[in-house]
Every structure is written in structure tokens, then in C-alpha cells.
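**Q** First, the structure itself, so that you have it in front of you.
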Amino acid sequence: MILGRLKAVGLSDLLDIAMVTVIIYALLVWFKRTKTAFVALGLLMLAALYALARVMGMTMTVWIFQGFFAVLIIAIVIIFQEELRHIFERIALLGLIPREEAVSSPEQVEILVRSLSDLARDRIGALVVLRGRDPLDRHVEGGWELHGELSEALIKSIFDSHSLGHDGAVTIERGRVTRFGTLLPLSKEFAKITNLGTRHTAALGLSERTDALCLAVSEERGTITLARRGDLRAVGNLQEMKETIEAFFRDVAPSPPRQALLYFWRHNTAEKALALALAVLLWLFFIGIRAPGS
């Protein structure tokens, strides 16, 4: 009987299950946010087949799966190298590296809305990046350092056609224009950037790699497009743009410990339950159920 071979659960076992639950939960949330949930589903199906093969004593199948998993780990590292870098950056930010959060004031939001609306009206192309929690240094290239106070005059002068940096992007951190004329990584999601220019492609590309909010002004259409978390969305009116920018700053602002704890308990309930169930099953499979005669 399986119950007769079940190992007694001690404190170390509970801690073991808790740690594995946290790791699985983090992976599930990561797959969800990077919109690669189908990858997680495929991995779970392979793991279930491997577990079934071991339980039924299918030696050759188990041997093949073990070799396949070794190759799969290398493939995951290669395919998701950008996402893995992002995870390690987040770990560093939570640890030893001091983190500067995005801050804003109603005046700064108004400056951005007025500046971009005027540029769109005059059909002047522009690309503005509002930094969130993630660092931007690894993703932006070239340009000039500025560290100037945010103002309408500064934004409009940078994107004037006579300016050397008007074709690049402006980065804004903590209410200051830190760089201008910078180059951003281009997106490869061709289905989303059909009939769109380089500015929109760059805005989408950076939003896929960081939590920044990118605002692109089209000189051909005179429209404003927002890019965040790998999505592009055209702005319907100025009020919508203002509310989106305000919501962005609220989202990336530091949360009080109590509020962060409430957010953790109220969100991703399904992922928590699945992570716990998988952790318990893994413990039973590899540790909890002893072999006959042991």
C-alpha cells in the first residue's frame, strides 16, 4: 500500500515543499507575464508523461526523457536568455543594488501631455521613454547625457528637425530628462508593427524587455501610441493619455509592505494553488513515497 510506504513529514519536508512552491509559483507568474503560458503547459505535460513512465517502470522511456530534459534546459536558456537576464536583474534590484523608483508630479504629467499633443498636432515625430522599476542602461545605446529638468521647451527643442538627436528617443527618470538621441532595441513582433514606423518598432521593442512606458508620436499620422509590456495602443484623446501616464507611475511606485502583502494574497490565486499542488506531488514522487522494502 502506498500509505504504508509514505515517509513521515517533518519540519525540513515542510520547508522543502514551501521553497519549491515559491520557485514554481515564480516560474508560473513569469510564464504568464511573458505571454508564454503555452510553454509552461507543454513542460507540465512532458513532466506528467515522465512521472507516468517512472511509476509504470518504463525504463527506456525514462532514459529517453532524462536525455531530452538535459537538452531542454540548454534550449530554454538559449530561447529565453533575454527573459532570464530580466529575472536576474530583478533579483539584483531586490538585493544589494539600491533601487530608484519612478516618481512624478501632476505638473510633470501635464508637461508630457501638452508637449506630445503639440508635437502630434504639428506632425513632428517623437519617442519618449518613462522609466519604471527596471534599469534601461543595458537596452539603450548612443545619444547624449542631459539630466535636465523636464519642460515643454526642452522636449520640443529636442525633437525639432534641426536637433541632432531628434530621430532618437528621450529617456525620463525621476522627473528629469536623462538622455536624448538614444537608440532602442527593435521589436521582432512583425504582426504588431505592420505599417508602423521605426519609432513604434523601437517603443514596442523596449516595452518587451523592460517595464518602461514608451510614447511614440507619428509624424505621418499625427497620432500618439503607447507601448507597455509588449503591447501597442493608440491614444484616443488627451484625457486617456493623462490617465495612462498617471496609472503607470502609480503602478511602478513603491508599495507599502501591507499593501504589497494584500496584493500578493489577492492576485494569481490559481497559480498559487497549482504551484502548491505541484510541489506536493514532486515531494511525494521523489521523497515521500519510499521504495518497497526500504
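Where a number appears in this text, it was derived from the coordinates with a stated rule and is not lab data. Quantities reported herein were computed from a predicted structural model and do not represent experimental measurements. Cβ atoms come from the backbone with ideal geometry, glycine included; neighbour counts cover every protein chain shown.
**Q** Taking a ≥ b ≥ c as the square roots of the Cα gyration tensor eigenvalues, with a/c under 1.5 meaning rounded and otherwise prolate when a/b beats b/c, else oblate, which class fits the stretch 106-252?
**A** It is rounded, given that a/c, with a ≥ b ≥ c, falls under 1.5.
**Q** Can I ask one more? Going by C-beta contacts inside 10 Å, put Val128, Val113, Val9 in order with the fewest on the left.
**A** In order of increasing Cβ crowding within 10 Å: Val9, Val113, Val128.
**Q** When a footprinting reagent is the concern and you count Cβ atoms within 10 Å, what order do Arg114, Arg131 take, fewest first?
**A** Ranked by crowding around the Cβ, least crowded first: Arg114, Arg131.
**Q** OK, next. Ranked from highest to lowest mean number of other Cβ atoms within 10 Å per residue, what is the order of the peptides 141-147, 69-75, 175-181, 277-283?
**A** Going by the mean number of other Cβ atoms within 10 Å, highest first, we get 175-181, 277-283, 141-147, 69-75.
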